[in-house]
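So the structure is just underneath, and the comments pick up after that.
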Amino acid sequence: MEKIRIATRSSSLALIQTQIVVEAISKKNPRIDFEIVEVKSHGDIDRKQPLWKVTDTGFFTAAIEDALAQGSADIAVHSYKDLPIEATDGLVIGAVIDRRFAHDCLICTDKINSIKELPEGATVGTSSLRRKSQILRLRPDLRCEPIRGNVHTRISQVEKGGFDATILAYAGIERLELINKVSLHFDAAEFLPSPGQGALAVEARRKDGEILKILAGIDDKNSRITSETERTVLHKIKAGCHAPAGVYSKIEGSEILICAFVSDENGQKFIQKEIKGPVQSASKLALEMAEELLKSGAGELLKND
């Protein structure tokens, strides 16, 4: 294979993440050239609608997957957290890589050591019910308002006084070299992220054996295990991409820790569970976690959301 065409969103972060994949493949396949195919997703075009009101799956990924399925590209690069839980027919995740940071962080105008230091009634910009429910559980007095746009735009809205703070995935901040903007890091085991947050998913056509062989060479086992474990939990409890629910898993030696929560959007009814066991039993543990959440009423909470 002489050249690989890569479909990706056109944002600064998406292009940086695509370059991470290019470098990973190039290290093992130095003779391959690359062509970047930039695609505008529905989420890039519609920047006004709050994410929790979005009913379409693949808000940020469907157009990219279409380019792949129609043969305009050979692989597609996604933030794994943006991919719908249900796989698209004919496509497969050939590699999961670079999950160094899964946690969220807070951006505000001042450095703070605790969420308690935000002013009473402060406005937090977030279009994520997962983040909204957790932040209101910690600080019920805060006001959460929808915010859209890329990372730079959201940070700018805070710096210009439109919001007192916003919450973002640290992985994106780090890749954009904006870590000096971070005011507070959340512990991923306490303030739970989206499933697969921080990981990059490289998608390919199921029947494209040559491409899949190349991608297998860059697949990171731990990134895949933790991401897929988290996605299994939310899939089994039937929580959509924008539900007030989160999952985090972490490999600790030969064991894996799984933490998960489901809530109403204001953080008043909150179910949180934790389970730990052998890494080789990650799939089974994910199913057990889902069952525990459902036994505790997660299904009803999600139905009422």
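Every number in this text was worked out from the coordinates using simple rules, so none of it is lab data. Note that the structure is predicted; figures quoted are calculated from it, not measured. As a convention, Cβ positions derive from the backbone with ideal geometry for all residues, glycine included, and neighbour counts pool all protein chains shown.
Points to keep in mind about this one:
- Crossing angle, helix 12-28 versus the chain [Cα axis fit, 0-90 degrees, rounded to tens]: 40
- Sites Lys295 and Asp33, calculated FRET efficiency, Cβ-Cβ separation with R0 51 Å, nearest 0.05: 0.45
- Helix 129-138 axis, angle to the chain major axis (alpha carbon atoms, nearest 10°): 30
- Each Lys and Arg Cβ is given +1 and each Asp and Glu Cβ -1; about its Cα centre, the stretch 233-304 then shows a dipole of about 140 debye.
- From largest to smallest, the equivalent ellipsoid semi-axes obtained for the chain from the alpha-carbon gyration tensor read 31, 23, 18 Å.
- Global size of the stretch 176-305: 16.3, 50 Å for Rg and Dmax (C-alpha atoms, Rg to one decimal, Dmax whole).
- Measuring against 25 Å, Cα to Cα, the residue pairs Lys116/Lys160; Lys3/Lys207; Lys116/Lys303; Lys236/Lys273; Lys213/Lys250 contain Lys116/Lys303; Lys213/Lys250 as the ones spanning a longer distance.
- Percentage, to the nearest whole number, of Cα pairs in the stretch 104-185 over 21 Å apart: 17
- Pairs of Cα atoms nearer than 8 Å and 6+ residues apart set the relative contact order; for the chain it is 21 percent.
- Range of Cα positions in the stretch 233-304 per principal axis (Å), largest first: 38, 20, 18
- Percentage relative contact order, the stretch 104-185, counting C-alpha pairs under 8 Å, at least six apart: 52
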